[in-house]
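Structure first, then comments.
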Amino acid sequence: MITRFLLSNMDKRGYAFLAIVAAIGLLVPLANLLIPAGSPFHVSTATMSLWGKYLCYALLAISLDLVWGYCGILSLGHGAFFALGGYAMGMYLMRQIGSRGVYGNPVLPDFMVFLNWGELPWYWWGFSSFPFAMLMVLLVPGLLAFVFGWFAFRSRVTGVYLSIITQALTYALLLAFFRNDMGFGGNNGLTDFKDILGFNVQAQGTRAALFAMTCTMLIASFLIARGIVTSKLGKVVIAIRDAESRTRFLGYRVDRFKLFVFTVSACMAGVAGALYVPQVGIINPSEFAPANSIETVIWVAVGGRGSLVGAALGAVVVNWAKTMFTSGFMAPYWLFALGALFVFVTLFMPKGILGTAQGWWEGRKRPAPVPAAEPAPAE
């Protein structure tokens, strides 16, 4: 029943997106594991990990599009939820190191030994368990979003004021996590991971499994987000985006709808961060930087706001371009190019890449108008 609901009224773009991501999630790991390295069809582990990072960003973009594109909430702090999910996964990975660390302490991570901590802080308890860590991946970002949204939406904070507050939230977390006494590794963060579920995190097979899991979660998150926006609840959410005051006057509790969507979106961002950390190998306070959240907004705008497929596409395209243009002579000018891209899309492609391409294609398919026949002359 749930599958039927999630797949009901799926358009061609949705089916194409699901098919492409599923194919990538199956073929890329197989090309990495089964095809010899000398073959042109072999996908290297480094390339697979890089594209796994892109897909994590695609999941983050979908989570932001859910609140911005469909609910009208421009959040400039989604990087905070992404980073909190990453830290939850990083804490689990650090507990798996055990006595294999530099200082050989079976309980305390190396940075705590270096700082002369006597015992493991209470908020690290339980992170040796994978199910507990995965619960925290969802609970910590979701709880923060719920508490923040409860006060913000009940106070009817909207527009640019809400955007500034979300940015202030992620900046405050950035400053807090930089402190060594917070117990999260300070400016160095968490790194030097060894195992995940007993498997070497650097092993080729583990990397392939992480890539496949990222594709699976991207598909699941897309289906959940689409299920929300195409349901009756989603119609109310879209009405809030287009005419919030009118929706409130009709009797809907606008703050509750916003709170629900904002919390679900934060949980999705946390999952993206948790998948990102073992593939990249580090999580540090720089992930809280407000610039990261602003960059996520650019991904969604470039791909197409209000289109879940477009948001994912924008994240992949922009980050692929970032990889290409930050390794050569264009490296010092990448931020200027990114800003120019955002301005160009805002002015000339307001519907983003996907929306513009769809409009162009529909315009070509539309038949040319038939000229009206001239009336016959009167006799």
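The values are calculated or read from the model by the stated rules, or taken from the named source; none is laboratory data. A quick note: this is a predicted structure, and the numbers were derived from the prediction, not measured. As a convention, Cβ positions derive from the backbone with ideal geometry for all residues, glycine included, and neighbour counts pool all protein chains shown. The area values use the complete protein model at the heavy-atom level, side chains included, leaving out ligands, DNA and RNA. Shrake-Rupley method; radii C 1.70, N 1.55, O 1.52, S 1.80 Å.
For the chain, the longest principal axis of the Cα atoms and the long axis of helix 159-177 meet at an angle of about 20 degrees. Pairs over the 29 Å Cα-Cα cut-off, from the set 258/322; 12/232; 53/351; 53/235; 53/194; 235/322: 258/322; 53/235; 235/322.
Comparing 136, 94, 324 in a Gaussian network model of the chain (Cα springs below 10 Å), the most mobile by mean-square fluctuation is 324. Any idea what angle helix 232-242 forms with the longest principal axis of the chain, computed on alpha-carbon atoms, 0 to 90 degrees, nearest 10? In the chain, helix 232-242 runs at an angle near 80 degrees to the longest axis. Residue 95 sits with roughly 50 Å² accessible to a 1.4 Å probe, with DNA, RNA and ligands left out of the calculation. Label-to-label distance, residue 260 versus residue 132, with points set 7 angstrom from Cα along the beta-carbon direction: 3.3 nm. Relative to the dominant Cα principal axis of the chain, helix 45-68 is inclined by about 60°. Relative to the current alpha-carbon distance between residue 358 and residue 139, full extension at 0.36 nm per residue lengthens the span by 75.1 nm.
For the chain, report the translational diffusion coefficient in µm²/s to the nearest whole number, using Stokes-Einstein at 10 °C, 1.306 mPa s, and a Kirkwood Rh over Cα pairs.
Stokes-Einstein gives a translational diffusion coefficient of 71 µm²/s.
Available extension along the chain between residue 117 and residue 16 is 31.1 nm, counting 0.36 nm per residue and deducting the alpha carbon span.
With protein chains left intact and a 1.4 Å probe, residues in the chain average 51 Å² of accessible area per residue. Of the chymotrypsin sites (Phe, Trp or Tyr not before Pro) found in region 70-169, those that fall in a DSSP loop while having at most 11 other beta-carbon atoms within 10 Å are 125. Here the accessible area of the chain is 68 percent carbon and sulfur, with a 1.4 angstrom probe and all protein chains present. Computed from Cα atoms alone, the Kirkwood hydrodynamic radius reported for region 318-363 is 11.8 Å. Phi-derived couplings, Karplus 6.51 cos²θ - 1.76 cosθ + 1.60 at θ = phi - 60°, listed residue by residue for region 139-151: 6, 5, x, x, 5, 4, 5, 5, 5, 4, x, 4, 6 Hz, with x used for Gly and Pro.
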